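**Q** Submitted below is the structure of interest, expressed as structure tokens.
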Amino acid sequence: MNGASWEPQPDLQVIDRQPVEAVCKREDYLEWCEYFMAVAFLSAQRSKDPSSQVGACIVNEENKIVGIGYNGMPNGCHDDALPWARTADDRLNTKYPYGIKEVIYMSDKYHDTPEMKAARRMFDLTGTKYTKFVPKRKSIVIDFDSINKTKPSPPVL
């Protein structure tokens, strides 16, 4: 550098006294709720039900997906392992109180049906939180071809 002092530019980082273009994180990444709802929508596409495709994404406190599914029988759970009853003298002998802590849903188009009233009642009785998801973006596009696209390299200084 001919003995002259070198001052870094605002958009450059200095690594081992060499200027390197600063790289900032993306600002348009998905928020957790958007990500999980997109996974649920994608899962719903596996449903073979001709009239209703429902997906689910179950997440723990660390924002890790612990399960995904869609309407149909789950793998790995024997049909007789848990009760299927809708009512019983002992609530543990019904299908309702098993494990869900929070439900974030997209559509409430059947809000006034007996089944949805029963679901909200069940959630209230078990302390399960339920919240309507309000998306910040209208769509999420999955471009399977994007993995094959080459991103331009930053200019060499």
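**Q** Give the residues of the range 34-61 that are of a type in the set (Ser, Thr, Tyr) and either closer than 22 Å to Thr128 by Cβ or surrounded by 15 or more Cβ atoms within 10 Å (Cβ to Cβ) (or both), sorted by residue number.
**A** Tyr35, Ser43, Ser47, Ser52
**Q** Give me the pairs, please: first residue somewhere in the range 111-128 and free of Cβ contacts under 8 Å to residues at least 60 places away in the same chain, second residue anywhere and of a type in the set (Asp, Glu) and open to solvent by 70 Å² or more (accessible area, probe 1.4 Å), beta-carbon distance under 7 Å, and either six or more positions apart or on two chains.
**A** Matching pairs, first to second residue: Thr128/Glu102.
**Q** I've got another one for you. Within the range 20-33, take every residue that is part of a loop (DSSP other than H, G, I, E, B) and modelled with pLDDT of 85 or more and give me the one that is nearest to Tyr130 (Cα to Cα).
**A** Per the stated criteria, the residue is Glu31.
**Q** Could you please find all residues in the range 67-123 being at pLDDT 85 or above, surrounded by 10 or more Cβ atoms within 10 Å (Cβ to Cβ) and within 17 Å of Ser43 (Cβ to Cβ)?
**A** If the condition is that a residue be at pLDDT 85 or above, surrounded by 10 or more Cβ atoms within 10 Å (Cβ to Cβ) and within 17 Å of Ser43 (Cβ to Cβ), then Gly67, Ile68, Gly69, Tyr70, Val103, Ile104, Tyr105, Met106 are the ones that fit.
The values are calculated or read from the model by the stated rules, or taken from the named source; none is laboratory data. Quick caveat, the model's predicted, so the values are computed rather than measured. Neighbour counts run over all protein chains shown; Cβ positions are idealised from the backbone, glycine included. What goes into the accessible areas is simple: the full protein's heavy atoms, side chains included, and nothing from ligands, DNA or RNA. Shrake-Rupley method; radii C 1.70, N 1.55, O 1.52, S 1.80 Å.
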